[in-house]
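Computed from the coordinates by the stated procedures, all read-outs in this text should not be read as laboratory data. From a predicted model like this one, the values you see are computed outputs, not experimental measurements. Cβ: placed from backbone, ideal geometry, glycine included. Neighbour counts: every protein chain shown.
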Amino acid sequence: EFALREHDADKPLDVLLLEEPENHLSHTNMKRLVHRISESRAKQIFVATHNSLISTRLNLRNSILLNSSSPEPLTMRDLPEDTAKFFMKAPDNNVLEFILSAKVILVEGDAEYILLDSFYSLVTGSSLEADDIHVISVGGTSFKRYLDIAKVLGIRTAVIRDNDGDYQTNCIDNYLGYVADNIGIFYDAVNTSNTFEICLYDLNREVCDELWLADRKTLSVQEYMLKNKADCAFELLDKKADQIIIPDYIERAFQWINE
C-alpha cells in the first residue's frame with residue numbers, strides 16, 4: 001500500500017515488484033490490493049503469483065507464464081478479450097491449476113468430480129496423479145472459457161459433459177469453434193440419457209436400488225439421485241466403488257487424454 005502511493009512528487013516510483021503477495025495477506029486484503037493495483041496508472045507493476053484470483057482479476061491477457069512443461073515463457077495476449085473479462089468477474093476459480101497442467105479433464109459438477117478418480121483407476125489400472133492428469137469442476141456454462149485458454153496454450157483438455165437432451169446441438173454444434181487436436185468433447189449420444197446421473201443409474205440399477213430404493217416414498221431412485229447428486233456420488237464411492245459400471249463416454253475420455 002505504501003509503495004503504491006506516489007507520496008514523493010519529486011521522486012515518483014516508476015517500477016514496483018511484488019512477490020507472491022498472497023502469502024502475506026488475508027483473502028479480503030488480497031482483494032483490496034488487487035483493486036489498488038488495477039487502479040494504479042502512474043507506475044509499472046510486476047506481480048509474481050501462484051494465485052488464481054490475482055492472475056484473473058488483473059487480466060489474464062497481461063500474464064507471462066513460467067511453466068515447467070514449456071522451455072519458454074508463455075503469454076496470454078491471444079486470449080479473447082471477453083474471456084479475460086469473464087474471469088475477472090467470475091467466482092473464484094481454478095485458472096492457474098488449469099494453466100499449469102499438462103493434461104486436464106473438465107467436468108460439470110461435484111458428482112462427476114467425486115467419482116472420476118475412482119473411475120479412472122478402475123478403467124486404466126493407474127491413477128490421475130501418476131498419469132499427470134488434473135480434474136477441474138467448472139460448471140457447464142464455463143467450459144468454453146477454459147477451452148479458450150486451452151487453444152492459446154495447447155493444453156490437452158477433455159470435456160466430460162451432459163448432453164442435456166440434444167447431443168447434436170449441445171455437444172457437437174456448440175463446440176465447432178473448438179475443434180483441435182488438443183481438445184476433446186465427450187458425452188452420451190443417446191438424448192434420453194441427458195445427465196450423468198441418468199447414465200449412471202441406467203447402467204447400475206441394481207447397485208443404486210440396493211442403496212436407495214428401500215427408503216423411497218415419493219421419489220424414484222433416479223429422481224432421488226438427480227436431487228442429491230453429490231451425496232449419492234459420495235455414497236456410491238464409499239460403498240460400491242468397485243461395482244460400478246462406468247459410462248462409455250467417460251471411458252473414451254480416459255483413453256483420449258492419454259493418447
Exercise for the section: Please find the FRET efficiency linking THR192 to ASP82, where r is the Cβ-Cβ separation and R0 is fixed at 22 Å, and quote it to the nearest 0.05. Expected result: 0.05
Handout entry: Long pairs among LYS89/LYS217; LYS85/LYS239; LYS85/LYS240; LYS43/LYS89, criterion Cα-Cα beyond 32 Å
Key = LYS89/LYS217; LYS85/LYS239; LYS85/LYS240
Exercise for the section: Would you kindly state how much longer the chain becomes between ARG61 and ASP164 on full extension, computed as 0.36 nm times their sequence separation minus their alpha carbon distance, in nm to one decimal? Expected result: 33.8 nm
Fill in the blank from the handout: So for R0 = 22 Å, FRET eff. of GLU259-VAL179 from the Cβ-Cβ r, to 0.05, ends up at 0.85
Handout entry: Extreme residue, positive dipole direction of the chain, given options GLY109, LEU200, VAL95 (C-beta unit charges)
Key = VAL95
Exercise for the section: Report, in degrees rounded to the nearest 10, the 0 to 90 angle that the Cα long axis of helix 110-124 makes with the longest principal axis of the chain. Expected result: 70 degrees
Practice task
Kindly provide the helix-only [θ] at 222 nm of the chain, computed as the sum of -39,500 (n - 2.57) over DSSP H runs of four or more divided by all residues, to the nearest 500 deg cm²/dmol?
Solution key: -11500 deg cm²/dmol
Problem - Cα-Cα P(r), the chain, percent of pairs per 10 Å interval - result: 6, 26, 28, 20, 12, 5, 2, 0
Handout entry: Dimensionless Rg over Rh [region 109-159; C-alpha; Kirkwood]
Key = 1.00
Exercise for the section: Along Cα→Cβ, 7 Å out, is where each label goes; now give me the distance between the ones at ALA230 and ASP110 in nm to one decimal. Expected result: 0.2 nm
Fill in the blank from the handout: Of the candidates GLN168, VAL152, GLN222, the farthest towards the positive dipole end of region 145-235 (Lys/Arg Cβ +1, Asp/Glu Cβ -1, centred on the Cα centre) is VAL152
Practice task
On a 0 to 90° scale, report how tilted helix 248-257 is relative to the longest principal axis of the chain, with both axes built from alpha carbons and the result rounded to the nearest 10.
Solution key: 40 degrees
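By how many nm would the segment from GLU206 to LYS240 grow when fully extended, if each residue of separation counts as 0.36 nm and the alpha-carbon distance is taken off?
This chain segment gains 11.1 nm when fully extended.
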Exercise for the section: Select from SER118, ILE37, ILE257 the residue farthest towards the positive end of the dipole of the chain; place +1 on Cβ of Lys and Arg, -1 on Cβ of Asp and Glu, and compute about the Cα centre. Expected result: ILE37
Fill in the blank from the handout: Under Stokes-Einstein, region 34-185 at 20 °C and 1.002 mPa s, with its Kirkwood radius over C-alpha pairs, diffuses with a coefficient in µm²/s of 128 µm²/s
Fill in the blank from the handout: About its Cα centre, region 101-259 carries a charge dipole, from +1 on Lys and Arg Cβ atoms and -1 on Asp and Glu Cβ atoms, whose size in debye to the nearest 20 is 360 debye
